[in-house]
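Novice: Okay, here's the structure, questions in a sec.
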Amino acid sequence: MGRKRAGKDQGEQAASSTEQRRPREGTWETDTGTVRLERDPYSADAWIVFVNGVPSSHVDLDHPERLDFEYMRWMAAILAQRWPSPERLRVLHLGGAGCSMARWVHVTHPDARQVVVELDAKLTVLAREWFRLPAAPLLRVRAGDAGQVLPTLTAQTRDVIIRDVFAGSLTPVELTTAEYHAEAKRVLAPDGVYLLNVGDAPDLAHLRAEAAALRTVFAHVAAVADPAMLKGRRRGNVVVAASDAPLPLGAGLTRRLLTDALPASVWDEAELTRFLR
């Protein structure tokens, strides 16, 4: 989650002078409210991070490749199909919390260079203290407002942008516009991939608006979610992928999604077109 500009790399600077400490259950005051840690009862050393009461990350210290939140697994599936071999990816995370996706990228692409933009400066400090995050330059954690930071970045300097920013249960509206998505396109390499976590109700109104805006900017747009969500039967998360290069929507992705703990379906460009009509 990232929405207020603060000093560059505050979390990284503060953590460098703070002794690494083990996570423990409890609640801590942060710049935007509170962060609460709860132990995952089914894992030896895994933790659920609640930001202002909302479950925002699951971190398994022994297994960074494990992603407990289904939408993160769906994002990982897309990235694994697009880049099946370890590469020195340049990844920008808009919204960080416990940095679960950044830890996954590091273990699957050890030479990747990543930047996490997180609104809450105190939370960035705690995440570095608790969760064994890779050191700079492999992973830089920057306290800042995702809406303000993205337009300042140099064009074509990222292979992947992941937007996972929420205020409560919704993404701030200024991060959902065609203008903001155009900034993401500007910062991406020509074959880069933009992944968005869209929280939605059964009417799928937010998915409809985001997909329509993205299609005015990117050549290729697709959506991934479990079938009940796409049929409007429940509230949940939809992953939207956008790129100017063809997206990896073939049999490999379908197989990986269908064998997930929460099987998911893909709406390709044709299905999205029907949905938007």
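Novice: Based on this model, can you work out whether Glu12 counts as closer than 25 Å to Ile162 by Cα, crowded, with 16+ Cβ neighbours inside 10 Å, out of contact with any Gly (no Cβ under 7 Å at 6 or more places or on another chain) and at pLDDT below 90?
Specialist: Details: closer than 25 Å to Ile162 by Cα: yes; crowded, with 16+ Cβ neighbours inside 10 Å: yes; out of contact with any Gly (no Cβ under 7 Å at 6 or more places or on another chain): yes; at pLDDT below 90: yes.
Considered against the rule, which asks whether it is closer than 25 Å to Ile162 by Cα, crowded, with 16+ Cβ neighbours inside 10 Å, out of contact with any Gly (no Cβ under 7 Å at 6 or more places or on another chain) and at pLDDT below 90, Glu12 comes out as yes.
Novice: Check Thr152, Thr124, Thr171 and return the single one that is of a type outside the set (Phe, Trp, Tyr) and without any contact (Cβ under 8 Å) to a residue 24 or more places away in the chain.
Specialist: Thr152
Novice: Can you work out which of the residues in the stretch 241-277 that are more than 19 Å from the chain's Cα centre (by Cα) and crowded, with 19+ Cβ neighbours inside 10 Å is farthest from Val54 (Cα to Cα)?
Specialist: Result: Leu272.
Novice: Run Glu210 past the list (1) in contact with a helix residue (DSSP H, G or I) (Cβ under 6 Å, 6 or more places away or on another chain); (2) crowded, with 21+ Cβ neighbours inside 10 Å and report the number of the one that doesn't hold.
Specialist: With (1) in contact with a helix residue (DSSP H, G or I) (Cβ under 6 Å, 6 or more places away or on another chain); (2) crowded, with 21+ Cβ neighbours inside 10 Å applied to Glu210, the lone miss is (1).
Novice: Within the stretch 216-229, track down each residue that is under 26 Å from Ala245 (Cα atoms), of a type outside the set (Val, Ile, Thr) and under 20 Å from the mean Cα position of the chain (by Cα).
Specialist: Phe218, His220, Ala222, Ala223, Ala225, Asp226 - these are the residues of the stretch 216-229 that are under 26 Å from Ala245 (Cα atoms), of a type outside the set (Val, Ile, Thr) and under 20 Å from the mean Cα position of the chain (by Cα).
Novice: Going residue by residue through the stretch 219-240, is there one that turns out to be crowded, with 18+ Cβ neighbours inside 10 Å, in a loop (DSSP other than H, G, I, E, B) and at pLDDT below 95?
Specialist: Checked the stretch 219-240: at least one residue is crowded, with 18+ Cβ neighbours inside 10 Å, in a loop (DSSP other than H, G, I, E, B) and at pLDDT below 95.
Novice: Hey, can you tell me all the residues within the stretch 92-121 that are among the small types (Gly, Ala, Ser) and without any contact (Cβ under 8 Å) to a residue 40 or more places away in the chain?
Specialist: Passing the criteria: Ala102, Ala112.
The values are calculated or read from the model by the stated rules, or taken from the named source; none is laboratory data. Computed from a predicted structure; not experimentally measured. Here the Cβ is made from the backbone with ideal geometry for all residues, glycine too, and neighbour counts use every protein chain on show.
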